[in-house]
1. Within the range 525-578, restricting attention to residues that are among the aromatic types (Phe, Trp, Tyr) and under 16 Å from residue 259 (Cα atoms), which residue is surrounded by the fewest Cβ atoms within 10 Å (Cβ to Cβ)?
2. Identify, by number, the condition in (1) out of contact with any helix residue (DSSP H, G or I) (no Cβ under 8 Å at 6 or more places or on another chain); (2) free of Cβ contacts under 8 Å to residues at least 40 places away in the same chain that residue 474 doesn't meet.
3. Quick one: is residue 307 touching a residue at least 12 places away in the same chain (Cβ under 8 Å) and surrounded by fewer than 24 Cβ atoms within 10 Å (Cβ to Cβ)?
4. When residue 559 is evaluated against the numbered criteria (1) part of a helix (DSSP H, G or I); (2) modelled with pLDDT under 95, which criterion, by number, is the only one it fails?
5. Considering only the range 98-115, I want to know if a residue exists there that is in contact (Cβ under 8 Å) with a residue 12 or more places away in the chain, in contact with an Asp or Glu (Cβ under 8 Å, 6 or more places away or on another chain), among the β-branched types (Val, Ile, Thr) and closer than 29 Å to residue 177 by Cα.
6. Restricting to the range 359-389, name every residue that is hydroxyl-bearing (Ser, Thr, Tyr) and within 37 Å of the chain's Cα centre (by Cα).
7. Which of the helices (runs of 4 or more DSSP H) contained wholly in the range 1-77 include at least 1 residues that are at pLDDT below 50 and under 30 Å from residue 90 (Cα atoms)?
8. Got at least one residue in the range 273-288 being crowded, with 24+ Cβ neighbours inside 10 Å and touching a residue at least 24 places away in the same chain (Cβ under 8 Å)?
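The values are calculated or read from the model by the stated rules, or taken from the named source; none is laboratory data. The structure presented is a predicted model; accordingly, all values stated were derived computationally and were not measured. All Cβ positions, glycine included, derive from the backbone under ideal geometry; neighbour counts span all protein chains shown.
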Amino acid sequence: MVGMIFIIQLFMLQVIDPSYKYFAESNTQRKLTQYPSRGLIYDRNGQLMVSNQPVYDIMIVPRDVVPFDTLEFSRAIGLPLEKVTEILEEVRTNLRNRKISSFKPSVFYKQLPAEQYAVLQEKMYQFKGFFAQRRIVRKYEYPHAAHVLGYVAEANEQKINRDSYYAPGDYTGVSGIETTYETFLRGKKGARYVMVDVHGREKGPMRGGRIDTTAVAGKDVTLTLDIDLQAYGEMLMQNKSGSVVAIEPSTGEILSMVSSPGYDPSLLVGRGRSRNFPGLSNDTLFPLLNRAIMSGYPPGSTFKAVMALIGMQEGVLRPSTSYSCNNGFHARGIHIGCHPHRSPLDLVPSLANSCNAYYCYVFRNVLDNPALGSPKVGMEKWKAYLLNFGFGNQLGSDFFNENRGFVPGRAYYDRIYNGSWGSLTVLSLSIGQGEILTTPIQMANMTAAIANRGYYLTPHVIKSIDNDTIPSRFKERHQTGIDSIHFEPVIEGMEQAILGDFGSTARIARIPGIEVCGKTGTAQNPHGENHSIFVAFAPKHDPKIAIAVYVENAGYGSTWAAPIASLMIEKYLNENIHASRVWLEQRMLNADLIHDDKE
């Protein structure tokens, strides 16, 4: 009976299912992973930003290798003979240490360019035990937006252990959009099984190709970026440290995100990545740092717009409220200086002239409001408004490494001052200094909320995904807790900061034919020259763009940040720069605030 079972089993294996013959002898079959094309990336206007290009991994099956002409091989593969000898010795070492198998394919040389592979392919029959496996790497159509796009590299051990999709040697998005939308972009791997002869040459598909699986290409994505505006912003910020973030207020779509100094994304493609990455990592100007989302700065005087809104919402400030400025604010030995301007001022000209004293009074009235009982309760009220504006937390954009910034509160100051503090102790917060830290994307988002008269949508760079939907959180409105009626005098003050009917700090940002509303800022920097800041939106009615510009160690906001922001606005809305402002454009394009500062 037992013998009959064995006979039946042998019959099943040999006659009914002969597949064992294809797999029993590993030297007659080879599995080739079919890597999918990664999804393409387009800008908001359909311009192709990122595509793909083929490269070839040269594989080796050590057991199948026979003596060959290494000089001829080095010529065919395009490597110096010494390099080929070095790699072969590394293979021998890995075999001895059992890091690779003698029977299974291992990578001999990664990412051989397609043009070099064409040379090798003609001579591959001479090198038994070697074969090529096609791979796909990124091709960047523009040398811009590197921080937004991110880059692709080999999956590390942690990634492989966390996601069963990946195997050693697979590639994955490491930063930017490439990692955030990796599961959409990567596609699905396939496999091809082929018969090979004793020379390693393919003799045809196994089982007629019936066991092969087809790779599925990744999904194409469209970004909210305008690549022309992005390129222009990077030109304006060339030879400057800082960032620019421009947002469409009605949607939260990021039109441009510039971090400077930056780098050409093609530097981190293929074999060049291993050469270029260390240089970029060790650069003292930190080109790999996405300042737009990762750097924290004091908001400076741009914060006065929010301070005015909080004061009105809390009922301690009206547009007609007037305060005097005697070269600044003075109380109980505390002095915060201010630049010369007419005095007293009410709300609109206080913003136009950026009066420090005015906002010291407003801040004290918010914290010391008798209706709240104590400055500590007032501080918590003040902080709650800031959190509603998106400060002090990650906004929830497409970028996983977004900085939270910092908004101090009651507990923070209780810890520092042992519970003994008041509004005068923390007065520097009134003008956007002190412990408060914000990111450029948070400042652009604040500006969009003002442009929208009280709400914002989470800033994001994904516009659409082929046959899929973008995250629903990007469609949700976030209310600031400020009544819409209070925004009109603030917006009027921001417009007057540029028009100058009541004095101004940013006349240089005027654009013929466009109503621009903006606010300058100069953030104190304990490590050197102050940071130049400007936030703005336009047009005043039905805004199409809100922007925040930081130029590090550059002095006043009106000197560098305001011109750059206004040029970006004009470029986006009008496509061209007015003849009367070409001189300003050239000044920004030609300025070198990095190298000149070092000379």
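1. Here is the first cut: in the range 525-578, the residues among the aromatic types (Phe, Trp, Tyr) are 534, 537, 550, 556, 560, 572.
From what's left, under 16 Å from residue 259 (Cα atoms): 534, 550, 560.
Numbers: 534: 35, 550: 34, 560: 27.
Applying the filter and picking the extreme gives 560.
2. The number of the failed condition is (2).
3. Numbers: touching a residue at least 12 places away in the same chain (Cβ under 8 Å): yes; surrounded by fewer than 24 Cβ atoms within 10 Å (Cβ to Cβ): no.
No; evaluated as a whole, the condition is false for this residue.
4. (1)
5. There is at least one residue in the range 98-115 that is in contact (Cβ under 8 Å) with a residue 12 or more places away in the chain, in contact with an Asp or Glu (Cβ under 8 Å, 6 or more places away or on another chain), among the β-branched types (Val, Ile, Thr) and closer than 29 Å to residue 177 by Cα.
6. As a first pass, look at the range 359-389 and keep what is hydroxyl-bearing (Ser, Thr, Tyr): 359, 361, 374, 385.
Scanning the range 359-389 gives 359, 385.
7. Numbers: elements: 2-11, 20-23, 70-77.
So the answer is 20-23.
8. First pass over the range 273-288, keeping only residues crowded, with 24+ Cβ neighbours inside 10 Å: none.
No: the range 273-288 contains no residue that is crowded, with 24+ Cβ neighbours inside 10 Å and touching a residue at least 24 places away in the same chain (Cβ under 8 Å).
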